[in-house]
Structures are given as structure tokens and as C-alpha cells.
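Undergrad: Input: one structure, supplied below.
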Amino acid sequence: MRLSFRLKHYFFSAFREFFVHHHGSLEFRAKIFALVIASNEDSTVDSYVAVKKIGMQIYKDDEDRVNLLMLSTKELVKKVQDNNGLDIDTLVNNIQKELKIIPRYAKKIDVESLKPIIDLTHDKDTLDYQHNIIEFLSKLKQETLQNKKTQIEKDEKNLDCRY
């Protein structure tokens, strides 16, 4: 990563929500990626390379935003691995709570984009666990999109009016 980005990241880490456009959206995506990566105790740097590739597709080659997504994901995974106030269950609860507050985030759950991360897993039990997580995310997305359809439409209309 470029030195300029590292300096920006250091500064933005403390004030991320003030300086990063649609910070909540980026953090939500990071939680989704972190959930899948953290479920594999043997995850490698290749997982973050996969997040970066996926991010390039999502953010249309906005490298700074992609790097923020990757680093936010990495921070969340590290918190889970270090048992630093975050575990898989808490991450799942946070995702569910965020979807109740901002249901349009359900559209950001793309289970197909998570498959390259799962392809890096070699342990059968871990792979089964990750598939269960993917299935859970898929159901959560569908339920939210179905049950909160009118709220999502209203929120998106309000967003269009503001920007």
C-alpha cells in the first residue's frame, strides 16, 4: 500500500465516520466479510486479497475505499481472533441489529462474492461452518428484503433526494 494511504488510514481510523462517505455501508460490508473470514481459524492473507478483489468490483476501482474496506475487515477479524470484545456471535448480532435499523443494507449482502473466500478453506468442518454462515446470511437478506420492502423503498427515496 502507498505511504499516503497508510497515513490517511491512520488518521481516518480515529475519525472514520466523519471523513469517509457512507462509512456505515463500508463497515457493514466489512462485518460480512469478517464474519466469513473469522469463522476460519486458519485464514491467511489470501482472504484479504480476495476482499480487495471483491472491493474493486464493488467500488469501481476506488482504491482508497477498497483499502479501507480491506483494513476494516482485517481489524474486525483481528478483534475476533484476539477475543477483544468481539466474537462470531456478537458479529452476527451486530449484523442483525444493523439490518433492523437500516434494512437497505440487506442489498449489500452478496453471497456469491463470499465464495472466493470460502474457496480458501481446506478443513471440512470449517467449510461446513462457513456454508452455514452463507446460508444464514442469504436467508437474513431475503427475509429483510421481503419484510422491510416499503421501508427500504422509502429510505432509498430519501437518499436520492439528499444526494
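Each row is one residue, and each column tells you yes or no for (1) modelled with pLDDT under 95; (2) within 11 Å of Ile32 (Cα to Cα).
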| residue | (1), (2) |
| --- | --- |
| Asp82 | yes, no |
| Gly85 | yes, no |
| Asn94 | no, yes |
| Lys97 | no, no |
| Ile102 | yes, no |
| Lys107 | yes, no |
| Leu114 | no, yes |
| Ile118 | no, no |
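Undergrad: Return the residue satisfying two criteria in turn: it lies in segment 118-162 and is under 23 Å from Ala50 (Cα atoms) and of a type in the set (Ser, Thr, Tyr), and of such residues it is surrounded by the most Cβ atoms within 10 Å (Cβ to Cβ).
TA: Thr121
Undergrad: When you go through (1) surrounded by fewer than 18 Cβ atoms within 10 Å (Cβ to Cβ); (2) closer than 26 Å to Glu143 by Cβ one by one for Tyr105, which number turns out not to apply?
TA: Checking Tyr105 against (1) surrounded by fewer than 18 Cβ atoms within 10 Å (Cβ to Cβ); (2) closer than 26 Å to Glu143 by Cβ, the one that fails is (1).
Undergrad: I want to confirm something. Restricting to segment 28-43 and keeping residues that are outside any loop (DSSP other than H, G, I, E, B) and either free of Cβ contacts under 8 Å to residues at least 24 places away in the same chain or not hydrophobic (A, V, I, L, M, F, W, C) (or both), which single residue is surrounded by the most Cβ atoms within 10 Å (Cβ to Cβ)? Explain how you work it out, then say what you get.
TA: So in segment 28-43, the residues outside any loop (DSSP other than H, G, I, E, B) come out as 28-38.
Checking which are either free of Cβ contacts under 8 Å to residues at least 24 places away in the same chain or not hydrophobic (A, V, I, L, M, F, W, C) (or both) leaves us with 29, 31.
Numbers: Arg29: 23, Lys31: 19.
Within segment 28-43, the match that is surrounded by the most Cβ atoms within 10 Å (Cβ to Cβ) is Arg29.
Undergrad: Would you mention how many residues in segment 44-87 are under 24 Å from Thr126 (Cα atoms) and open to solvent by 30 Å² or more (accessible area, probe 1.4 Å)?
TA: 16
Undergrad: Being under 27 Å from Asn158 (Cα atoms), part of a helix (DSSP H, G or I) and modelled with pLDDT under 95: is that true of Leu140 here? Don't jump to the end; show me each part of the working.
TA: Working: under 27 Å from Asn158 (Cα atoms): yes; part of a helix (DSSP H, G or I): yes; modelled with pLDDT under 95: no.
For Leu140, the condition - under 27 Å from Asn158 (Cα atoms), part of a helix (DSSP H, G or I) and modelled with pLDDT under 95 - is not met.
Undergrad: Return a yes/no flag: does segment 140-153 have any residue that is farther than 23 Å from Lys78 by Cβ and under 16 Å from the mean Cα position of the chain (by Cα).
TA: In the first step, residues of segment 140-153 are kept if they are farther than 23 Å from Lys78 by Cβ; the result is 140-153.
Subsequent filtering for residues that are under 16 Å from the mean Cα position of the chain (by Cα) retains 140-141.
Within segment 140-153, one or more residues are farther than 23 Å from Lys78 by Cβ and under 16 Å from the mean Cα position of the chain (by Cα).
The values are calculated or read from the model by the stated rules, or taken from the named source; none is laboratory data. In this text, all values refer to a predicted model and were calculated from it rather than measured experimentally. Reconstructed Cβ throughout: ideal geometry from the backbone, glycine too, with neighbour counts over all protein chains shown. When the accessible area is computed, the model is the full protein with side chains, heavy atoms only, and any ligands, DNA or RNA have been set aside. Shrake-Rupley method; radii C 1.70, N 1.55, O 1.52, S 1.80 Å.
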